[in-house]
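The structure appears right after this line, and notes come after that.
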Amino acid sequence: SNLWYLFSHSVDKAWKELSNILSGIFCASLNFIDSTNTVTPTASFKPLGLANGTGHHLLRYAVLPREVVCTENLTPWKKLLPCGSKAGLAVLLKAERLFHSSYHSQAVHIRPICRDASCLAVSWELRQTLTVVFDTFASGQGKKDWSLFKMFSRTLTDACPLASQSKVYVDISPKNKEKELLEVTPPPASVHEAVVQGDKRTYAVYDLLSPSLFNTSRSLNVQLKWMRPQDSSELPTPILHAQRYVSGYGLQTGEISTLIYNTHPYRAFPVILLETVPWYLRLYVHTLTIITKGKENKPSYIHYQPAQDRRRPHLLEMLIQLPANSVTKITIQFERALLKWTEYTPDPNHGFYVSSSVLSALVPSVIAMKDVDVEQSPLFTSLFPSSDGSSYFARLYTEPLLVNLPTPDFSMPYNVICLTCTVVAVCYGSFYNLLTRTFHVEEPSRGGLAKRLANIIRKFRGVPPL
């Protein structure tokens, strides 16, 4: 037991140092990661790359559900790139445009990989991904047309000299070829077909390392125009998606509900659910219910670690089977705890955030496909990994929750503090002056020689003396 305590303590110490170092590098609030929001998952996450051990004891997972984003988060992220934001695709990363988008996410992934086929040497791979969603339909007066300059206010001028690959992929696979006709300018030099999340997609490829790309013009401004005016059609529903909400009334009890959708017409598949709930929400595990198509759905694996006040959060992991074309509802009741008055945030009436749930699953494809060669499509196989042509791996994060806690009237302590400070300042100041001030009687001086001469002259003239 002593060895296990030392082992766990060393991992937690390294985790704290790592979070503080990353917080300093990326100018983010990662230093707020501590034991109160850190858990050790048993099944949801596994080490990536070359990993000797398969145990979960070295693994730590934490999430901050609320982050105030500023441009200083993007600047150190761009400095990790070989050319920074001076050349290549990173020229488009203008903070004013990215942070005014509908959604943006920046990530850094580090893992050990083999340097060669025999795996005699090991290297560390650093992968940076930036995901941005622009609502061009709303900003373009109902038009789907877009271009790089409209979205980023910049165009591509050259490739990074240190890059071995620098390509731009444009999705040109419409849902209905007869109704929707699109035009991409300039015309692409090549077209690539790839499998993305169980669907065949066609991409126009622009290779920035190709010398013929910048022959006609010094900049590349990819534009996509629709030949016919189109209405805002709904996006296709993904096979696996989820939503989460909190219900109940009052400030004592409540209920967290999670809805998991499997829209596949004929295939069922399991999903791993990871729930992390703060300690100030007392979970009632005996109220956990999983309902699918009106029947109880018992999980094949469940792991629950209760929270400890001010030390660790709740951890709940379950392996749930999702039937075909079904909706699974997971509910669990909780009770709100009353915090100490020093533990409340500066804006307690805004509410307290509960971190997102994590869903991990091998999602089956709708259409039968063969496995894509890794060498031919390295980008898509790394971004959208798949075990074979029949399924692909997906990890989803639900929306965070905003829960109100019983909050005292903080205006009363404010009034008491103001009144007390005023009374103390007036009384203490007056008593201090009376007790410490000394009074001296200053005798009037008779004046100097000049004053006496002036008084003599004034006396002869009949003028009153000074």
Check your understanding: With r defined as the distance between the Cβ atoms of residue 324 and residue 245 and R0 fixed at 35 Å, what FRET efficiency is calculated, to the nearest 0.05?
Key -> 0.90
Exercise for review: Could you order 271, 441 by accessible surface area, starting with the largest, using a probe radius of 1.4 Å?
Suggested key: 441, 271
Point to revise | Chain lengthening between residue 459 and residue 25 when straightened (0.36 nm per residue, less Cα-Cα) | key: 147.5 nm
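Place a +1 charge on the Cβ of each Lys and Arg in the chain and a -1 charge on the Cβ of each Asp and Glu, then give the dipole magnitude about the Cα centre in debye, rounded to the nearest 20.
That gives a dipole near 1880 debye.
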Practice item. Distance from a point 7 Å along Cα→Cβ of residue 123 to each backbone N in segment 155-171: keep the residues under 20 Å and list them by number. Key: 160-167
Exercise for review: Starting with the highest mean, order 150-162, 419-431 by the number of other Cβ atoms within 10 Å, averaged over the residues of each peptide.
Suggested key: 150-162, 419-431
Practice item. Compute all pairwise cysteine Cβ distances in the chain, then list the cysteines with no distance under 4.7 Å to another cysteine. Key: 27, 70, 418, 421, 427
Point to revise | Segment residue 67-residue 95, extension gain: residue separation times 0.36 nm, minus the distance between their alpha carbons | key: 8.4 nm
Check your understanding: Can you give the FRET efficiency for residue 338 and residue 422, using 1/(1 + (r/R0)^6), R0 = 25 Å, r = Cβ-Cβ distance, to the nearest 0.05?
Key -> 0.25
Practice item. Add +1 for every Lys or Arg and -1 for every Asp or Glu among the other residues with Cβ under 12 Å from the Cβ of residue 339, and state the total. Key: +1
Point to revise | Long-range amide H partners of residue 365 with built H, under 5 Å | key: 391, 392
Point to revise | Reported label for calculated Cα Rg over 2.2 N^0.38 Å given (1) 1.10; (2) 1.29; (3) 1.49 | key: (3)
**Study point:** Ranked by how many other beta carbons lie within 10 Å on average, peptides 452-460, 253-261 from highest
**Key:** 253-261, 452-460
Practice item. Check every DSSP H run in the chain and write down those whose alpha carbon atoms cover 30 angstrom or more along the long axis and whose mean Kyte-Doolittle hydropathy is -1.0 or greater. Key: 2-26, 411-436
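The values are calculated or read from the model by the stated rules, or taken from the named source; none is laboratory data. Note that this is a predicted model, so its numbers are computed, not measured. Every residue, glycine as well, gets a Cβ built from its backbone with ideal geometry; the counts of neighbours run over all protein chains shown. Calculation scope for accessible area: heavy atoms of the full protein, side chains included, ligands and nucleic acids excluded. Shrake-Rupley method; radii C 1.70, N 1.55, O 1.52, S 1.80 Å.
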